[in-house]
Amino acid sequence: RWGASFDGGDSLDLGTPFQSTFASAFSVSLWYKQDSATGARTLFGVRKGATDVVTAYINANTVNMWYEANNRKQQSSFPETSDTNWHHFCVTVQQNALNVDVKLYLDGVYRKLISGGGAIANYTNTANLFIGARNYADGTIDSYFSGLIDDVGIFSTALSDGGISIDVDAGGVIS
């Protein structure tokens with residue numbers, strides 16, 4: 001777990017290809033505090049060509065999560081407060097060869113389920129996962145985040161609701 005400040009033109013390359021990070025069930029949990037509530041701001045992401053693989057970003061006062069599984073792209077979004085306060089975001093993914101379920105949480109509250117056929121693990125991508133921007137397989141980086149991202153956790157399991165509550169409580173009071 002770690003945290004960093006992003007100025008809208010930098011990012012953190014985790015140095016791990018998408019496939020090795022998300023080869024089965026996983027969760028990504030983090031706190032963010034944006035400098036402003038305008039424009040697309042990526043929390044974490046990796047992209048292959050013209051299609052998103054796994055990307056979480058904020059745009060037009062919504063939190064968006066895109067994933068691709070066996071050439072089927074799914075997107076989900078839910079309203080996000082357009083403020084510059086600290087917020088906790090968590091995505092959990094449970095998958096098997098036939099299906100993938102993606103659950104989205106904001107400030108410890110379950111907000112959305114995305115469910116679709118095929119598993120992310122079957123998708124091939126060698127691009128590294130980035131925090132604070134979206135990384136393309138060709139080396140292009142875009143949709144930079146401006147603000148603070150803290151207490152990032154990447155887990156090799158789909159966290160339970162109780163696990164997410166513990167993670168949120170460990171981060172302190174949201175103000």
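The values are calculated or read from the model by the stated rules, or taken from the named source; none is laboratory data. Note that this is a predicted model, so its numbers are computed, not measured. Using ideal geometry, Cβ is built from the backbone for each residue, glycine included, and neighbour counts are taken over all protein chains shown. We work out accessible area using only protein heavy atoms, side chains counted, and drop any ligands, DNA or RNA first. Shrake-Rupley method; radii C 1.70, N 1.55, O 1.52, S 1.80 Å.
Quick look at the numbers
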| quantity | calculated |
| --- | --- |
| Listed residues 7, 161, 142 arranged by accessible area, highest first, probe 1.4 Å | 7, 161, 142 |
| Residue-level accessible surface for residue 11, protein heavy atoms, 1.4 Å, Å² | 40 |
| By accessible area with a 1.4 Å probe, ligands and nucleic acids excluded, highest first: order of 27, 77 | 77, 27 |
| Efficiency of FRET from Cβ geometry, residue 96 and residue 128, R₀ 30 Å, rounded to 0.05 | 0.70 |
